Each structure stands twice: as C-alpha cells, then as structure tokens.
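The values are calculated or read from the model by the stated rules, or taken from the named source; none is laboratory data. Just so it is clear, the structure is predicted and the values come from calculations on it, not from any experiment. Glycine gets a Cβ as well: all are built from the backbone with ideal geometry, and neighbour counts include every protein chain shown. Side chains included, ligands, DNA and RNA excluded: accessible areas come from the protein's heavy atoms. Shrake-Rupley method; radii C 1.70, N 1.55, O 1.52, S 1.80 Å.
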Amino acid sequence: MSQLTHAGYLALRRFPALDGLRAVAAVLVVFEHFGGKTWHPVAGWLGVQLFFVLSGFLITTLALREESRRGRASVRNFYLRRVFRLMPVYYVVLGATALLYYWRDEWQLTAMAEVLPYYATFNNEYIAYGHVFGHSWTLAIEQKFYLVWPLLAFAAGVVPLRRRLGITFGVIALLVAAMTVPFYTYGTSSYIVILMGCALAIVLHDPRGFALLRGLTRPWLGFVFLPLLVAVQLSAPWQIRLTNADTSAVLSYALVMCLLLPSLLGGGPLVRFFSTRPMRFVGERSYSLYLVQQFAAIFVMATFPMFRVERTLTALVVTVVALLMADLLFRWVEQPMIEVGRRVVARLDRRAKAQVGAPPAVEQVPLPVPNPA
C-alpha cells in the first residue's frame with residue numbers, strides 16, 4: 001500500500017470513501033438525537049463537525065480544480081451550484097415540517113409562525129436548541145460560510161499558496177479572537193472547523209504543499225488516525241466537563257479528521273470499506289437524511305407508540321424510515337435540481353463567451369466528487 005502522488009491525487013475523479021464517512025456521521029447524529037442516554041457518551045453530535053470538515057475540503061477542492069482547468073474559479077458559478085445543491089431539498093423538508101405541525105394542530109405550540117422567518121433566511125442558530133427544526137442550525141452555518149468564503153479565497157483570481165493559506169489562517173485567528181469577547185456567537189467553532197477542511201484542500205492541491213503532507217496519504221495511517229478519531233469522540237463528554245465548553249472537543253476532533261482524510265483519498269482496506277455500496281448509498285443521501293430525521297421521528301412515534309421512548313431500537317427505526325424518505329428526496333429533488341444547476345451554469349458560461357466573441361466551448365461537466373452537505 002503506497003502513498004499517493006500529487007499527479008495521482010489530481011487525477012482522482014471521485015473520493016468515494018468520503019461518502020462512507022458521511023454515512024457514519026449522519027447515522028451517529030440520528031442515534032444521538034433518538035437513541036437515548038445509552039448513546040450520549042458516544043457524542044454522536046460530533047458527526048456534524050465531520051460534515052463541516054468534509055464540506056470545507058470538498059468545496060475548496062472543486063473550486064481549486066475549476067481554477068486550474070479554466071484559469072479562474074467563477075464565484076458566480078460557485079453560488080449557483082450551492083443554491084441548487086442545498087436550497088431545494090432544504091425548503092421541501094422545511095415546508096413539509098411546517099405543514100405537518102399545522103395538520104397536527106401544533107402550529108402555536110411549536111411557535112412555527114415566530115421561527116419560520118429564521119429558518120427561511122438561514123438564521124437557524126439564533127433559535128433555541130431543541131426546537132422542531134433545530135438541528136438545521138448547521139445549514140445556517142454553512143450558508144453563511146459559502147456566502148463569504150469564495151469572495152475571500154477566489155474572487156482575486158489565482159494567488160500563491162502562501163497568500164491563500166494566509167487568508168485562511170487569518171480568518172481562523174479572527175474567529176478564535178471572537179470567541180473570547182462578550183458577543184461571541186454560537187457556532188463560531190464550526191466555522192473554524194470548515195476552514196480547517198479548506199486549508200487541507202489548499203495544501204494538497206499545491207505541489208509543494210502536497211509534498212509536505214504526502215506521508216499522510218499512506219493507507220495504513222488510516223488505521224492509526226481512525227482509532228484516534230474514535231478516542232477523541234468518546235472523550236468529548238470528559239473534555240466538556242473539564243473545560244465547561246465543547247470547543248476543545250470540536251477542534252481536536254476536526255484536527256484528527258484532517259490528519260485522517262489524506263489516507264482515505266487513494267486506496268487500501270479502509271477506502272474499500274468506506275466505499276462499499278451500502279456506505280455510498282447512505283452517504284450520497286446523508287444530506288437529506290440529516291434534514292428529514294425529525295420529520296421521520298414524528299411519523300414513527302405517531303404511528304407506533306412503542307417508539308416514543310428514546311432508545312437504540314427507536315433510533316434504528318427512525319434511521320431506516322428517514323433513509324427511505326431521504327432516498328425519495330435524493331432521487332426526486334436533490335439530483336434533478338443539481339442537474340438543473342449544472343445546465344444553468346453551462347448556459348451562462350456559453351452566453352458569457354459569446355458576448356466576448358470567443359468560440360463556444362464544449363460544456364465541461366463539474367468534477368463529480370461528492371457534493372458537500
């Protein structure tokens with residue numbers, strides 16, 4: 001099992017093992033929410049931080065490869081791809097959740113009229129945790145990040161590795177400083193986690209940066225960092241009790257995740273395991289699975305009263321039902337809207353080239369690595 005070369009890394013058209021990681025993250029979150037006290041020591045909530053690392057890594061990798069391919073990453077196209085990737089299924093699930101509570105005559109009980117404006121504008125983190133759609137706070141974090149990151153990292157065109165990393169770590173430093181002031185905002189540590197994934201993508205894309213981290217691409221290192229990641233996750237409750245905050249657990253988890261990722265980009269037993277068909281099936285639907293979990297839980301608990309008690313069996317049933325719902329959303333909302341987004345981007349690119357008198361280029365299909373949630 002040899003380490004990956006830079007040319008081999010750039011030639012990879014997919015990172016299938018990352019789908020498996022997303023599958024594990026999504027299921028861990030569901031078990032954290034509905035598995036009861038048995039699962040609380042597992043700290044499944046850290047699964048969202050795994051999503052954040054992967055998100056930063058993947059969206060930055062896509063932008064960097066577009067920049068290499070076309071000479072410049074299009075900020076406009078970046079926004080369009082994010083809109084068509086994230087918003088359609090989000091609003092479908094949000095609308096279905098609101099209708100469900102209206103139909104159950106729980107509109108006032110759940111204060112839906114008051115919180116819907118927050119959900120509709122991706123300001124979910126300002127709603128008290130535990131609300132009916134409260135787990136969607138992660139989407140608010142990602143949307144705000146997507147709004148700013150391409151302007152900071154790619155609007156100026158191609159820049160040296162040192163400058164782009166300087167921007168990344170400069171923003172991280174500002175966020176760390178923000179966590180020490182009275183108006184500290186919930187979720188700041190999650191922005192840092194996304195940026196850690198971005199930094200990893202920037203370093204690996206550059207030949208000099210890749211040379212520095214090439215040793216981490218050895219597949220056998222996955223058997224070192226994966227158990228370490230599990231150990232950090234299991235130690236999270238202890239870290240929180242010790243520091244009275246989750247920041248230490250979140251950042252240490254993200255750091256180990258960044259060390260693990262390079263070993264899962266090439267080959268090896270762990271890559272084959274995380275790339276198996278069941279893993280990829282769940283991973284590809286992980287975004288919808290994450291969004292629809294609360295809706296699925298309400299359906300399960302209303303239909304089968306025996307599952308109104310949070311326990312392992314309840315979490316398992318909710319996961320299965322949510323996955324079935326997620327499959328429908330994936331097939332009928334996510335994939336069609338992603339394809340619409342690609343066509344819109346291609347049409348605008350052709351129009352822009354025609355306006356400057358350039359001959360129309362053959363449509364370039366976006367790099368089909370897994371889309372971040």
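Looking across the stretch 1-15, the residues that are over 24 Å from the mean Cα position of the chain (by Cα) and either among the basic types (Lys, Arg) or not in a helix (DSSP H, G or I) (or both) come down to Met1, Ser2, Gln3, Leu4, Thr5. Counting residues in the stretch 130-147 that are open to solvent by 60 Å² or more (accessible area, probe 1.4 Å) and farther than 24 Å from Phe84 by Cα gives one or more.
For the stretch 93-129, the set of residues classified as in a helix (DSSP H, G or I) and open to solvent by 70 Å² or more (accessible area, probe 1.4 Å) consists of Leu99, Tyr102, Trp103, Glu114, Pro117, Tyr118, Tyr126, listed by residue number.
Checking each residue in the stretch 297-331 for being polar (S, T, N, Q) and under 16 Å from Lys37 (Cβ atoms) picks out Thr312, Thr314. The residues of the stretch 167-190 that are open to solvent by 40 Å² or more (accessible area, probe 1.4 Å) and either within 27 Å of Leu12 (Cβ to Cβ) or in contact with a helix residue (DSSP H, G or I) (Cβ under 8 Å, 6 or more places away or on another chain) (or both), listed by number, are Ile167, Phe169, Val176, Met179, Tyr184, Thr185, Tyr186. Scanning the stretch 130-149 for residues that are touching a helix residue (DSSP H, G or I) at 6+ places or on another chain (Cβ under 8 Å) and assigned to a loop (DSSP other than H, G, I, E, B), we see that the one that is modelled with the highest pLDDT is Phe133.
From the list Gly95, Gly56, Gly71, which one is in contact (Cβ under 8 Å) with a residue 12 or more places away in the chain and more than 20 Å from the chain's Cα centre (by Cα)? Exactly one residue qualifies, and that residue is Gly71.
Across the stretch 231-275, the number of residues qualifying as assigned to a helix (DSSP H, G or I), surrounded by 15 or more Cβ atoms within 10 Å (Cβ to Cβ) and not polar (S, T, N, Q) comes to 21. So, in the stretch 303-358, of the ones that are assigned to a loop (DSSP other than H, G, I, E, B) and surrounded by fewer than 13 Cβ atoms within 10 Å (Cβ to Cβ), which residue ends up farthest from the chain's Cα centre (by Cα)? Among those residues, the one meeting the criterion is Gly357.
One residue stands out among those in the stretch 127-158 that are over 19 Å from the mean Cα position of the chain (by Cα) and among the β-branched types (Val, Ile, Thr): the one that is nearest to Gly197 (Cα to Cα), which is Val158.
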